[in-house]
Every structure is written in C-alpha cells, then in structure tokens.
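To keep things clear, I will list the structure first and then write my remarks on it.
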C-alpha cells in the first residue's frame with residue numbers, strides 16, 4: 001500500500017505554523033509498512049485542493065488529508081472531496097450530539113457554524129474525535145469513483161480526512177486509525193529501536209552499510225539526532241511473533257558491531273535516562289558545574305524520574321568570580337589559561353565534586369557565541385570535564401551553529417562523556433581485579 005499526505009492550510013504555507021503532522025504521519029506509515037512517496041501542502045483554495053486530491057488519487061492507494069475540517073468558511077476539505085466524488089453531505093446525528101456535548105461540558109453555547117463539522121459525505125466511515133470537535137472521515141472509493149482518477153475498481157483508493165490540530169490527529173491515529181489501516185495492509189509490522197551515542201551518523205552508516213543497504217525483508221533506517229544516531233529495525237510478517245523473529249538477529253548484530261556506543265534498545269529511553277540508570281546501578285551520586293550551558297545539563301538529568309536519589313546539586317558558575325567563590329577554581333588558573341580552558345574546566349569538575357561530596361561531577365565551559373571568539377579560541381570551542389571518583393577526563397570540542405545549537409551540542413556531549421567515563425572507570429576496576437588475581 002502506498003500513502004500520500006496532503007496537508008491543508010494557508011497558515012502552513014505562510015510559515016505561521018510548523019507542519020508537524022506530515023512528519024508524524026510519515027513515521028506512522030513506516031510502522032505499518034505503508035510506502036509513502038509524496039507529501040503536499042496546499043492553501044485553503046478549492047481549485048488547488050481539487051488539483052492536489054485528483055493527482056494523489058491517481059498515483060496512491062491512500063490519501064491522508066489533514067486540516068480543513070473546522071467550522072469556518074475556509075474549512076472546505078469535506079465539501080471539496082464530496083463534490084469531486086459526487087456524494088451528498090449529510091448531518092451525522094451522533095457527531096452533532098458529541099459536538100453539543102463538548103460545549104455543554106464547558107458551559108458554553110454551540111455556534112451554528114459548528115454544525116458544519118457534523119456534515120459527513122454520504123457512505124463515509126466516521127472516526128470519533130475524543131479530543132476535539134471535528135470527526136475524522138474514511139471513504140472507500142467505488143469503482144465508478146475510482147475510474148475518475150484512472151483507477152480500476154480493484155485498485156480503488158481510499159481517502160482519510162483527519163483534523164489539523166496535531167493533538168487531535170495524533171490521538172485519533174493511535175486510538176483508531178492505525179488499527180483500521182493495519183487490516184488493509186494484511187500484515188503485522190514490528191519495529192525495534194537501537195540508540196547510539198558518541199559516533200557520527202557517517203561512521204555508523206559505514207559500519208552498518210551492508211545492513212542498511214540490504215534489500216532483505218528487514219529494514220534498518222538511521223536517524224541523526226544531536227550527539228546521537230537512532231536506528232529503527234523494521235520487519236513485516238503475518239503475525240508479531242514472526243516479525244520479532246526477523247528483527248532480533250539484526251538487533252544483536254548491530255549491538256555487536258557498535259559495542260558500548262549502543263546505550264539502549266528501548267524506544268522510550270533517552271540519553272539522560274540511560275546516564276541516570278547507569279549512575280543508579282552503580283550507586284553513584286552526581287553534580288554539575290556549568291558555565292556556557294547555564295544549567296541545561298542539570299535540567300536534562302532532573303527530567304528523569306528517580307534522579308533525586310543520586311543528584312546532589314547543580315552549580316551555574318557563569319562568571320569568573322562564581323567559579324572561584326562557589327567551586328574553588330584558582331584565580332591563577334583563570335588569569336593564566338582563561339575561563340575557557342582545559343585547566344579551568346578540570347578544576348570546576350574537581351571543585352564541584354569536593355563541595356557537593358558527589359562521586360561524579362561534569363563541568364562545562366565554552367564560547368557559545370555569537371560574540372567572544374578569538375583566533376585562538378573561536379566561537380564553538382567548548383571544554384568538558386568529567387570527574388569519576390577522583391579520576392578526571394577533559395576533552396575539547398569544536399561545535400558549529402548558532403548559540404542554541406552550540407549549547408545543546410555541549411549538553412549532549414557532556415552526557416555522552418559522562419556515560420563513557422563511568423563505563424571506562426568500572427572497566428579499569430574490573431581489569432585491575434583480574435590482573436591482581
């Protein structure tokens with residue numbers, strides 16, 4: 001099955017809102033094993049919508065339309081589609097009742113134009129909207145209707161109309177639409193996730209080139225994130241058990257090739273959660289000392305439930321005076337090496353660990369820009385230090401991009417370096433134990 005996405009709304013074309021629906025739907029198609037070759041955005045114009053719908057129905061099995069189901073005069077999606085198919089529009093009493101109930105619960109009076117949202121093309125399947133007003137609509141084209149777009153009755157396409165607000169579209173898809181479409185695909189799709197940190201996307205792609213480019217029934221798709229690469233391994237089969245059986249050996253092979261760079265195979269696990277779980281597993285407390293990142297590292301860690309057991313404190317030592325007074329960086333070091341230096345960030349990590357009595361300390365100092373750079377220390381230069389039980393590792397990084405990107409890249413790199421240093425610390429302990437034996 002091939003699906004095509006048509007997002008309707010002049011506000012998208014003008015850049016007033018970001019089209020997150022297209023990205024969401026594309027990912028959901030992949031989970032269901034549905035191919036997608038085209039995405040289109042069109043404004044609230046009847047003739048242009050007709051043109052886009054006609055083109056899509058001529059080349060795709062499923063047209064998913066988002067937007068244009070509201071109560072105002074420019075919400076014309078259902079009207080345009082109904083006219084093209086030659087179907088009448090009728091009030092659906094159940095939908096109208098649900099819309100009235102929506103207003104009653106909020107103590108408000110329903111406007112007359114909200115009735116438009118209960119108008120449904122004749123013969124369409126209604127998809128309830130439990131998070132808004134406009135119901136979704138699914139139309140299976142008849143053979144006669146399919147012929148208008150160059151399709152036979154056997155290949156008659158479907159039209160799925162969904163509300164534009166992302167929260168409504170997402171909830172509707174996950175609670176109802178995905179299950180409906182899975183019956184049409186005839187197969188169960190199973191996906192596994194492998195998340196990698198500390199390696200560039202190009203490096204991961206090179207190591208896994210044969211798996212990514214393979215034409216086998218199992219696909220491996222890489223997605224680059226800040227400081228990370230996520231790999232989705234997907235297979236389709238008659239049942240979930242068979243699909244899992246196809247995916248399992250590839251996950252194992254990827255883990256073997258990438259080693260400790262793989263930080264999780266759980267889709268919901270974030271990098272910061274993996275770091276916190278590593279700290280908890282080893283009963284290590286942690287503190288942060290941040291300059292250019294201004295508390296972002298602490299914020300990422302504190303996002304993780306249960307971190308209160310091990311998070312000691314977070315120091316934001318933006319000025320030189322704060323670095324000296326709060327975490328004990330030497331004045332001599334600041335004068336000789338500058339705030340953005342390996343020596344100072346090392347002392348930040350040592351001081352933070354000492355004053356907080358934490359087992360692990362991460363410290364960051366850099367030049368986020370857009371000003372402040374020099375030929376010797378350009379914008380984007382960031383030093384990160386990690387102190388694990390007195391053993392300090394310092395690394396310098398050179399990031400590109402604007403101020404926000406440099407800071408976010410520094411945060412991701414700090415989390416990655418923390419994880420790496422903790423693993424290496426315990427690896428050395430284990431190796432030392434074996435040697436002593």
Full extension between residue 213 and residue 269 adds, at 0.36 nm per residue less the Cα distance, a length in nm of 17.5 nm
In this structure, the FRET efficiency calculated for residue 282 and residue 330 from their beta-carbon separation, with R0 = 35 Å, to the nearest 0.05, is 0.70
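Which of the peptides 235-247, 378-390 is most tightly packed, and how do the rest follow, judged by the mean count of other Cβ atoms within 10 Å per residue?
Ranking, from highest mean packing down: 378-390, 235-247.
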GNM top mover of 363, 404, 56 - the chain, alpha-carbon springs below 10 Å: 404
So for the pair residue 176, residue 389, with labels modelled 7 Å out along Cα→Cβ, what separation do we get in nm? 5.7
On Cα atoms only, tilt of 20-32 relative to the major axis of the chain in degrees: 80
Here the averaged projected area of region 270-421, based on the convex hull of its alpha-carbon atoms and given in nm², is 8.0
What number in nm² do you get for region 188-264 if you take the convex hull of its Cα atoms and divide its surface by four? 4.6
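Determine, from the Cβ-Cβ distance of residue 225 and residue 91 and an R0 of 60 Å, the FRET efficiency 1/(1 + (r/R0)^6), rounded to the nearest 0.05.
The pair residue 225/residue 91 has a calculated efficiency of 0.80.
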Extended-chain gain in nm, criterion 0.36 nm per residue less alpha-carbon gap, residue 83 and residue 423: 116.0 nm
List the residues of region 249-266 whose backbone N lies under 18 Å from a point placed 7 Å from the Cα of residue 430 along the Cα-to-Cβ direction. 255-265
Modelled label-to-label distance, residue 48 and residue 245, 7 Å Cα→beta-carbon offset: nm? 5.2
Which angle between 0 and 90 degrees, to the nearest 10, do you get for helix 240-258 versus the longest principal axis of the chain when only C-alpha atoms count? 30
Cα shape, region 1-158, gyration tensor, a/c 1.5 rule: prolate
Can you give the angle from 0 to 90° between the axis of helix 403-436 and the longest principal axis of the chain, with both taken from C-alpha atoms, to the nearest 10? 60
Points 7 angstrom from Cα along the Cβ direction at residue 115 and residue 405: gap in nanometres? 5.3
Can you tell me how much longer the chain between residue 303 and residue 398 gets when fully stretched, taken as 0.36 nm per residue apart minus their C-alpha distance, in nm with one decimal? 31.5 nm
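Of the listed peptides 163-173, 348-358, 408-418, 183-193, what is their order by residue-averaged count of other C-beta atoms within 10 Å, with the highest listed first? Walk me through the numbers on the way to the answer.
Numbers: 163-173: 19.9, 348-358: 22.0, 408-418: 23.9, 183-193: 15.8.
Going by the mean number of other Cβ atoms within 10 Å, highest first, we get 408-418, 348-358, 163-173, 183-193.
Values in this text are rule-based calculations from the coordinates and carry no lab data. All figures in this text were calculated on a predicted structure; none of them were measured in a lab. So basically every Cβ, Gly included, is an ideal-geometry build from the backbone, and we count neighbours across all protein chains shown.
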